[in-house]
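The values are calculated or read from the model by the stated rules, or taken from the named source; none is laboratory data. Note that the coordinates shown come from a computational prediction; the quantities given were computed from them, not determined experimentally. Glycine gets a Cβ as well: all are built from the backbone with ideal geometry, and neighbour counts include every protein chain shown.
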Amino acid sequence: MNYMPNRRMTLLKLCCLFAACLLATGCIHVHQLPHYEHYHVPPAPIAIIVSGDLDDYRELTDALASQMVRTYTLFALEAQLAAGIEKSIWAMQPSTIVAIGQPALELASRLAVTDIVYAQVFNPPAQHRGVNPIPPFDMQLSRWMQVSPQLQRIGVVGSAEMHDLIDELDAASHKFGLELIRREVTSDKEALQAFRAMVPQIDGFVFLPDEDVLSPYVIKRVITHGARNDRQILVYSPVMFQLGADLYVGAQQADIAEQIVVLLDDPAIRTRSLTKMLMKVRGEVPTREQG
């Protein structure tokens, strides 16, 4: 009588039962081989801080919204308390903060984010990246000379913080055969005195928005004194243009948004120049210049 197969089956069943008991009691651990997959890690989100509820800022954020492809969160500094914004940004851990306007940049600089991109900021810290605040002086002077062919000498007044920017204006002036008369000042009183002293020597004046040496009183006096002496005043603020300045130079917000996106796409780029310009001349229809 052949009973060997049955004995083998019985032994096999006993072995399986014994192994199952060991697994149940934790005496045997089954190690699974790792399963490798290719995961796409999305980039960290971007935080955008806007300094206030101005028309230009709204236009710029709208332009950014139409061009951005990465996830971002928008914070309005006037609508939200600075402490609340700081807390929210700490929680989201963005890869980059886009700061629009000086107050937004000051807030962003207090946060532990290494990559900060600024826009519409004069005299930003050197460690940050950003978009130049005004169109290139070459574009400005070219258009100004078309409006005023008699332009030969222009003046500018600024604090030490404006030194590099005035150097750029000086280089562009020489390129166009213009003489630049420049004065460095330390207060609004000095700024007004320096402007009055140079009026007999100049045909036009570049009125830089230098908060270190300007006050509402001085702004009004400079524009009034310039108009009284038939000296053209070029400004970068719509409000100053409304006060009586002759020319207003501004950026096109879609152009600023485009340059911000370029900076976000390539962290190796430090600064971007504007390629377009908006100029208003008193008594003329506003023109948009292409670089």
When the stretch 95-105 is checked residue by residue, the ones that are among the small types (Gly, Ala, Ser) and in a helix (DSSP H, G or I) are Ala104
- Query: Is it the case that the stretch 78-93 has a residue that's of a type outside the set (D, E, K, R) and closer than 20 Å to Ala268 by Cα?
  - Reply: no
Inside the stretch 109-135, the number of residues satisfying the requirement of being at pLDDT below 95, among the hydrophobic types (A, V, I, L, M, F, W, C) and more than 18 Å from Leu208 (Cβ to Cβ) is 4
Leu234 fails exactly one of (1) part of a loop (DSSP other than H, G, I, E, B); (2) hydrophobic (A, V, I, L, M, F, W, C); (3) in contact with a Gly (Cβ under 9 Å, 6 or more places away or on another chain), namely (1)
The one condition Gln80 fails out of (1) loosely packed, with under 10 Cβ neighbours inside 10 Å; (2) under 30 Å from Gln127 (Cα atoms); (3) modelled with pLDDT under 90; (4) of a type in the set (S, T, N, Q) is (1)
Restricting attention to the stretch 34-74, the residues that are at pLDDT below 90 and under 17 Å from Leu107 (Cα atoms) number exactly 2
Per the filter on the stretch 192-225, residues crowded, with 22+ Cβ neighbours inside 10 Å and more than 32 Å from the chain's Cα centre (by Cα) are Ile202
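I want to confirm something. Restricting to the stretch 62-83 and keeping residues that are of a type in the set (Ser, Thr, Tyr) and in contact with a strand residue (DSSP E or B) (Cβ under 6 Å, 6 or more places away or on another chain), which single residue is nearest to Pro103 (Cα to Cα)?
Just the residues of the stretch 62-83 that are of a type in the set (Ser, Thr, Tyr), to begin with: 66, 71-73.
Filter again for in contact with a strand residue (DSSP E or B) (Cβ under 6 Å, 6 or more places away or on another chain), leaving 72-73.
Numbers: Tyr72: 19, Thr73: 18 Å.
Applying the filter and picking the extreme gives Thr73.
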### Task
Test Thr224 against the criterion of being outside the structural domain of Val50 (by TED's automatic domain parsing), modelled with pLDDT under 95 and polar (S, T, N, Q), and give yes or no.
no
When Ile89 is run through (1) buried (at least 16 other Cβ atoms within 10 Å of the Cβ); (2) closer than 24 Å to Ala254 by Cα, the failure sits at (2)
